[in-house]
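See structure below.
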Amino acid sequence: MNRDHTTLLRLRKARRYILLYALLIAIAIAIILPISWIVASSFSTRETVWKNVLPFSWRAFFPADFTLDGYQAIFEKDFGRALLNTFFLGAVTVVFGIAVGAMSGFAFARLKFRAKNFLFALVIFSFMIPGDLTIIPSFVLVRDLGWLGTWQGLIVPGLANGIIIFLFRQFFAEIPQDLIDAPRVDGATWLQVFIRIILPISKPALISAGVILFLGQWNNFFWPLLVAPDPELRVVQVAVSIIGIEQQVHLWEQMFASSTLAMLVPVLLILPFQRYYVGGILGSGLKG
Amino acid sequence: MRNKLRLERWTPAFFLAPAIILLIVFRYIPIVLGFEEALYTNSLSLAGARKFVGLNNFIAVFEDPVVWGSFKTTMVFSLVVNPLQVGLALLLAELINQRVPGIAVFRAIYLVPVAISMNVTAIAWGLALDPNYGLINGIIRTLGLPRQPFLQHPSQALWSIIGIISWIGVPYWSLFFLAGLQGISSDVLESAHVDGAGSLRTFISIKLPLLRRIIAFVLVSDTVVNFTLFAPIYLITRGGPQLSTHLVMYEAYRRGLVYGDIGIASAIISVLLIVVVAFVAVEFIVLRPRH
Amino acid sequence: MFVRKPLRLFGLSLLILLLALTAVSGQDAVELSWITDLPGAEEVAARFTEYNPNITVRVDKVSFREVFQQNQIRLGSGSSEPDIVSVDAPVVASYGFRGWLLSLDDAIPAEQIDGWVDALHTSSIYNGQLLAPPIWNSAQVMYYNAALMEAAGITPPAPDERWTWEQVTEAAQALASDADADGVNDVWGLQFGQYNRIYQLQPIPESLPTAVLGDDGLTVEGIIDSDDWVKAFTWFSDLHNTLNVSPQGGISSGELFRNSQLGIYVDGGWMINQFINNPLDFDWGVAPHPYWDGGEVTVPGDSWHLGVNPNSEHTEEAAAFVAFASSSEAGRIWFDVWGVWPAHEEMLAEFAEDPANAEFPNLAFVVAAGEAPYVTPRPLTVGYLEYEEILSDAFEDIRNGADVAETLGQAAGRIEREMDKYRE
């Protein structure tokens, strides 16, 4: 009787596992298939890239013939420059974006000042209005500042990010009061507290913010195209859109090679930081 | 000592100034400029010269059947896509919150679309949904079912777009829910288990209420993103077939950057802005935490 | 005297040196910016700088669609860049109307202007002013897969044999096949390169013959929804929906052709270069663009044109570059880089007589260049951008099986509403 019950439980548990894994695997396949097709195609030649897709066969997920032609061609077209540019852009944006976001997040979380609610409402409201909505007036503004074709035109407008400020504020609000009170009593300024006490214990928040800011710059397309189409300032997504096509003729192997590199970098970046990205400020600040 | 106190008075300003100034200059001034631009037209006069036209552009928004139609399509689209994505993201989060062997691998895989740009996604899915050569129709045929037109037919195109953006959107938002689920203390769940609640009951009556604030945050953010959806429409359907995927941002793009009528494009965007703010306000009121 | 002479010499040379220095510094290096998607742009710019060492041209490469957007935003907001404006032939009028192009009447040598093919010269003028010279020349041709034709029992057309659309339809039906009966043709009969753009589809109604735009350059009602248009596009719809010889969806026709899955393929002459440089693994050929039996021969063609931004800080230098890029010397560079032939009448003749072009595949260039006299410019209207965009929607819907008369009727209504603003 007891043994039967255990068997039943075990059976139910096994059935649950099978269902669960079937579901997990099905979703994983839906995610991996289109990506593996892009990657496989990037190692094909222009002549063979569509061989296994028209009509479709499972071979589409493997290179028809392994070649690095596509990669070689895109680096001859200065794709490396675009990669470096975007790394630089991302790095500068991360450093300054974190500085701007963390400082104001700290003020909102810990300092007392007038019009706090109003100013915080400004922050919240700003991330409800996507930049896409105001792209033309923003362009005119940046042009009037004389920033077209410059790094600052690419970087400065995106430094203050409502979500980043919000997330830092939520994170800092959870820090125990004692940690701050002790050095304050000892006469430390707020800036000293911020730099010496707060920042060192905010690794998850800093990493999450960094990842968000970096991905934002990495996947940015329309703004860089508008502000700095110069070849010297070309960024990855713009390069992908140009390299893949010449006078309405697709250079497929190059398009797939550049797309592969364009997605590889953020994936490599996000995977090791997954723990922070998930566990960091995203959750802690929003707890019910 | 007095010096230091005086310095302290300026501390908040010091911490806040960079963010607030940047937000005002690069986020709020353009909004105001956009509203102002909607009162002018410059598309028909010499470059730079502008003509004040009052509310004419706004009147055109409501009178032009294509523009107005794009607002209606966007409204229907939003009412479907937001609850759908939030619901699926919740389920996905619950799925990857299961403590089973190998779950970390699946979590990592599910994270991948988050990092992929809309350009690449659109290229891949536009092809996968091709009526003749697409991967999806290949699978459908292998199952012995009839081929589907997907992006080629007005009855399926918007749904196909919803599917494509959810490929990125659902995993993305599920990250937020996963973080929330992991933050729920095991004591709470333990006691529910002791009370004999099944996993469905626990999910609905314990976890969901605890996730209320995250749900509100995600729903609002998702609403904003989807109201201003542009890239997949631009890259895949161009608003068709038969205007079935003609969303507001695409119409604004056409007016402004194809036809060169910045005035009416600004009016469309201004109206959209008001709609978004109204929508978000309603969502906040409905989902506000009740203590 | 003698003493003073060296002094004077010294003074003179000093003066010359100073003058030379100011002259050099007066010739400050100028950088011109140019937004374009054209292959060969860098090469043309480099050659120009060889002749004008103090002027460099910065080529900002973007994709085809983005050239138009960049122009709208920059020129529309009165920016000083780009100095050199890329203008697609049919939008010369639209940009001219908005005041986005400087008159180049005095900037281009008369003999250069006289040398251009007539249709291209016409496209560069708006309101009696030369605004945007053509930089090369193109025409659409009919490519075919000779092996597939043979298998289907069809004799391919000779290089100078112009088929009618009736012949093409018949051949397409013979070519189309679905041997494995999976519901998708293994071989399609006919497809156009830009299957939803007026650029490519204009000859279908125009060859009947019928108008594609009212004489006032604005009216479309009664024209694009006329019985003739409905007839022309019912044929186009049938290809995709009832005859099932043309594929729906977004797979590029060039790839289907390369894969031996397309028998007849109508596209620009610039594909010849592609097929020579990345060789096709079957016998292929080129024939003149088809027309309707009893109708007129009209062929899509034309060129990109270049203009000068009136707000540019270097209009003189920019005009000099435009003059060079539309010269016969630059014409040769454009051809070498990607196989578009020159805009110059005289060079076309040389081209046809060149013995190097007597044999296939180079003969294909001669077939294509021979279409120059039949090239009809696109409809000349200030509202071309609206006209094109709305018609693209309609063509796409027709491909997908929407009712032809209804779709064209709606498109006419939408275009009319947009044109209203130009009527004031």
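The values are calculated or read from the model by the stated rules, or taken from the named source; none is laboratory data. Everything numeric here is computed off the predicted structure, so don't read it as measured data. With ideal geometry, Cβ positions are generated from the backbone for all residues, glycine too; neighbour counts draw on all protein chains shown. The accessibility values were calculated without ligands, DNA or RNA, using every heavy atom of the protein model including side chains. Shrake-Rupley method; radii C 1.70, N 1.55, O 1.52, S 1.80 Å.
Checking A:Q72 against (1) part of a helix (DSSP H, G or I); (2) within 30 Å of B:R147 (Cα to Cα), only one condition comes out false. Which one?
Unmet condition: (2).
Which condition breaks for B:G196 when tested against (1) of a type outside the set (F, W, Y); (2) surrounded by fewer than 16 Cβ atoms within 10 Å (Cβ to Cβ); (3) in a helix (DSSP H, G or I)?
(3)
Of the conditions (1) farther than 30 Å from A:Q192 by Cβ; (2) touching a Pro at 6+ places or on another chain (Cβ under 7 Å); (3) open to solvent by 10 Å² or more (accessible area, probe 1.4 Å), A:T150 satisfies every one except a single condition; which number is it?
Evaluating A:T150 over (1) farther than 30 Å from A:Q192 by Cβ; (2) touching a Pro at 6+ places or on another chain (Cβ under 7 Å); (3) open to solvent by 10 Å² or more (accessible area, probe 1.4 Å) leaves (2) as the failure.
Take the residues of segment B:202-257 that are aromatic (F, W, Y) and closer than 24 Å to B:L88 by Cα: which is modelled with the highest pLDDT?
Applying the first criterion (aromatic (F, W, Y)) to segment B:202-257 yields B:203, B:217, B:227, B:230, B:234, B:250, B:253.
Those still in the list that are closer than 24 Å to B:L88 by Cα too: B:203, B:217, B:227, B:230.
Values: B:F203: 83, B:F217: 83, B:F227: 92, B:F230: 89.
So, considering only residues that are aromatic (F, W, Y) and closer than 24 Å to B:L88 by Cα, the one modelled with the highest pLDDT is B:F227.
Which is touching an Asp or Glu at 6+ places or on another chain (Cβ under 8 Å), within 21 Å of B:A122 (Cα to Cα) and within 14 Å of chain C (Cβ to nearest Cβ), of A:L251, A:L225?
Values: A:L251 fails: touching an Asp or Glu at 6+ places or on another chain (Cβ under 8 Å).
That would be A:L225, the only listed residue that is touching an Asp or Glu at 6+ places or on another chain (Cβ under 8 Å), within 21 Å of B:A122 (Cα to Cα) and within 14 Å of chain C (Cβ to nearest Cβ).
Across segment C:63-72, which residue is most open to solvent (accessible area, probe 1.4 Å) among those that are free of Cβ contacts under 8 Å to residues at least 60 places away in the same chain and within 16 Å of C:V91 (Cβ to Cβ)? Talk me through it step by step, then tell me what you get.
The initial filter retains those residues of segment C:63-72 that are free of Cβ contacts under 8 Å to residues at least 60 places away in the same chain, namely C:63-67, C:69-72.
Going one step further and asking which of them are within 16 Å of C:V91 (Cβ to Cβ), we end up with C:64-67, C:69-72.
Numbers: C:F64: 37, C:R65: 57, C:E66: 7, C:V67: 1, C:Q69: 5, C:Q70: 3, C:N71: 1, C:Q72: 6 Å².
The selected residue is C:R65.
Among the residues of segment A:155-169, how many are open to solvent by 10 Å² or more (accessible area, probe 1.4 Å) and either without any contact (Cβ under 8 Å) to a residue 12 or more places away in the chain or not small (G, A, S) (or both)?
Adding up the residues that qualify gives 8.
Assess whether C:V230 counts as being of a type in the set (A, V, I, L, M) and open to solvent by less than 20 Å² (accessible area, probe 1.4 Å). Outline the logic, then answer.
Working: of a type in the set (A, V, I, L, M): yes; open to solvent by less than 20 Å² (accessible area, probe 1.4 Å): no.
Considered against the rule, which asks whether it is of a type in the set (A, V, I, L, M) and open to solvent by less than 20 Å² (accessible area, probe 1.4 Å), C:V230 comes out as no.
I'm trying to understand the selection: among the residues of segment A:37-82, which are small (G, A, S), surrounded by fewer than 17 Cβ atoms within 10 Å (Cβ to Cβ) and facing chain B (nearest Cβ under 10 Å)?
Step one: list which residues in segment A:37-82 are small (G, A, S), which gives A:40-42, A:44, A:57, A:60, A:64, A:70, A:73, A:80, A:82.
Remaining after also requiring surrounded by fewer than 17 Cβ atoms within 10 Å (Cβ to Cβ): A:57, A:80.
Of everything in segment A:37-82, just one residue is small (G, A, S), surrounded by fewer than 17 Cβ atoms within 10 Å (Cβ to Cβ) and facing chain B (nearest Cβ under 10 Å), namely A:S57.
Being open to solvent by 10 Å² or more (accessible area, probe 1.4 Å) and touching a residue at least 60 places away in the same chain (Cβ under 8 Å) is the filter; apply it to segment C:182-193 and report the residue that is nearest to C:A171 (Cα to Cα). Please lay out each step first, then the result.
Here is the first cut: in segment C:182-193, the ones open to solvent by 10 Å² or more (accessible area, probe 1.4 Å) are C:182-183, C:185-187, C:193.
Next, only the ones that are touching a residue at least 60 places away in the same chain (Cβ under 8 Å) stay: C:185-187, C:193.
On the way: C:N185: 15, C:D186: 16, C:V187: 12, C:G193: 18 Å.
Of everything passing the filter in segment C:182-193, C:V187 is nearest to C:A171 (Cα to Cα).
For segment C:239-250, enumerate the residues that are surrounded by 23 or more Cβ atoms within 10 Å (Cβ to Cβ) and of a type outside the set (S, T, N, Q).
Within segment C:239-250, C:L239, C:V245, C:P247 qualify.
Please work out if C:E221 is away from every other protein chain (no Cβ under 14 Å), among the acidic types (D, E) and either crowded, with 18+ Cβ neighbours inside 10 Å or touching a residue at least 24 places away in the same chain (Cβ under 8 Å) (or both).
Details: away from every other protein chain (no Cβ under 14 Å): yes; among the acidic types (D, E): yes; either crowded, with 18+ Cβ neighbours inside 10 Å or touching a residue at least 24 places away in the same chain (Cβ under 8 Å) (or both): yes.
When the stated conditions are applied, C:E221 passes them.
This table checks each residue for (1) over 20 Å from the mean Cα position of the chain (by Cα); (2) buried (at least 20 other Cβ atoms within 10 Å of the Cβ); (3) touching a residue at least 12 places away in the same chain (Cβ under 8 Å).
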position	(1), (2), (3)
B:V170	no, yes, yes
B:V188	yes, no, yes
B:V218	no, yes, yes
B:D222	no, yes, yes
B:V225	no, no, yes
B:L257	yes, yes, no
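Considering (1) crowded, with 21+ Cβ neighbours inside 10 Å; (2) touching a Leu at 6+ places or on another chain (Cβ under 7 Å), say which one B:A122 fails and leave the rest.
Evaluating B:A122 over (1) crowded, with 21+ Cβ neighbours inside 10 Å; (2) touching a Leu at 6+ places or on another chain (Cβ under 7 Å) leaves (1) as the failure.
State which residue pairs qualify: first residue touching a residue at least 60 places away in the same chain (Cβ under 8 Å) and more than 7 Å from chain B (Cβ to nearest Cβ) and inside segment A:119-136, second residue of a type in the set (S, T, Y) and surrounded by 20 or more Cβ atoms within 10 Å (Cβ to Cβ) in any location, beta carbons under 8 Å apart, and separation of 6 or more residues or different chains.
A:G131/A:S138
Among (1) outside any helix (DSSP H, G or I); (2) within 25 Å of B:A19 (Cβ to Cβ), there is one condition A:A64 misses while meeting the rest; what is its number?
It is condition (2) that A:A64 fails.
Tell me, which strands (runs of 3 or more DSSP E) wholly within segment C:47-158 include 1 or more residues that are within 22 Å of C:H344 (Cα to Cα) and away from chain B (no Cβ under 13 Å)? Working first, answer last.
Values: elements: C:55-61, C:84-88, C:140-145.
Because the criterion is at least 1 residues that are within 22 Å of C:H344 (Cα to Cα) and away from chain B (no Cβ under 13 Å), the strands (runs of 3 or more DSSP E) in segment C:47-158 that meet it are C:84-88, C:140-145.
In segment A:1-27, what residues are hydroxyl-bearing (S, T, Y) and at pLDDT 85 or above? Walk me through it before giving the result.
Taking segment A:1-27 as the starting set, the residues that turn out to be hydroxyl-bearing (S, T, Y) are A:6-7, A:17, A:21.
Within segment A:1-27, A:Y17, A:Y21 qualify.
From the residues in segment B:11-20 that are out of contact with any Lys or Arg (no Cβ under 8 Å at 6 or more places or on another chain) and at the interface with another protein chain (Cβ under 8 Å from one of its Cβ atoms), which one is surrounded by the fewest Cβ atoms within 10 Å (Cβ to Cβ)? It would help to see each step written out before you state the result.
The first filter runs over segment B:11-20 and keeps only residues out of contact with any Lys or Arg (no Cβ under 8 Å at 6 or more places or on another chain), leaving B:11, B:13-20.
So of that shortlist, the ones also at the interface with another protein chain (Cβ under 8 Å from one of its Cβ atoms) come out as B:11, B:13-16, B:18-20.
Working: B:T11: 16, B:A13: 12, B:F14: 14, B:F15: 24, B:L16: 23, B:P18: 17, B:A19: 30, B:I20: 20.
Only one residue tops the list, namely B:A13.
Could you list all residues from segment A:99-118 that are within 22 Å of the chain's Cα centre (by Cα), more than 16 Å from A:P157 (Cα to Cα) and within 8 Å of chain B (Cβ to nearest Cβ)?
The first filter runs over segment A:99-118 and keeps only residues within 22 Å of the chain's Cα centre (by Cα), leaving A:99-105.
Still in the list and also more than 16 Å from A:P157 (Cα to Cα): A:102-105.
If the condition is that a residue be within 22 Å of the chain's Cα centre (by Cα), more than 16 Å from A:P157 (Cα to Cα) and within 8 Å of chain B (Cβ to nearest Cβ), then A:M103, A:S104 are the ones that fit.
For C:F395, only one of the following conditions fails: (1) crowded, with 23+ Cβ neighbours inside 10 Å; (2) more than 11 Å from every other protein chain (Cβ to nearest Cβ). What is its number?
(2)
Those residues that are open to solvent by 60 Å² or more (accessible area, probe 1.4 Å) and either within 9 Å of chain B (Cβ to nearest Cβ) or closer than 19 Å to B:L200 by Cβ (or both), I need them from segment A:7-21; list them, please. Talk me through it step by step, then tell me what you get.
Narrowing segment A:7-21 to residues open to solvent by 60 Å² or more (accessible area, probe 1.4 Å): A:7-13, A:15-19.
Selection gives A:L9, A:R12, A:K13, A:R15, A:R16, A:Y17, A:I18, A:L19.
So which pairs qualify, if the first residue must be in segment A:78-93 and under 14 Å from A:I242 (Cα atoms), the second must be surrounded by 19 or more Cβ atoms within 10 Å (Cβ to Cβ) and small (G, A, S), the Cβ gap must be under 8 Å, and the two must be at least 6 apart or on different chains?
A:D78/A:A239; A:F79/A:A239; A:F79/A:S258; A:A82/A:A239
Look through B:A128, B:A93, B:A115 and report the one residue that is at negative phi, touching a residue at least 12 places away in the same chain (Cβ under 8 Å) and either among the basic types (K, R) or open to solvent by less than 20 Å² (accessible area, probe 1.4 Å) (or both).
On the way: B:A128 fails: touching a residue at least 12 places away in the same chain (Cβ under 8 Å); B:A115 fails: touching a residue at least 12 places away in the same chain (Cβ under 8 Å).
Residue meeting the stated conditions: B:A93.
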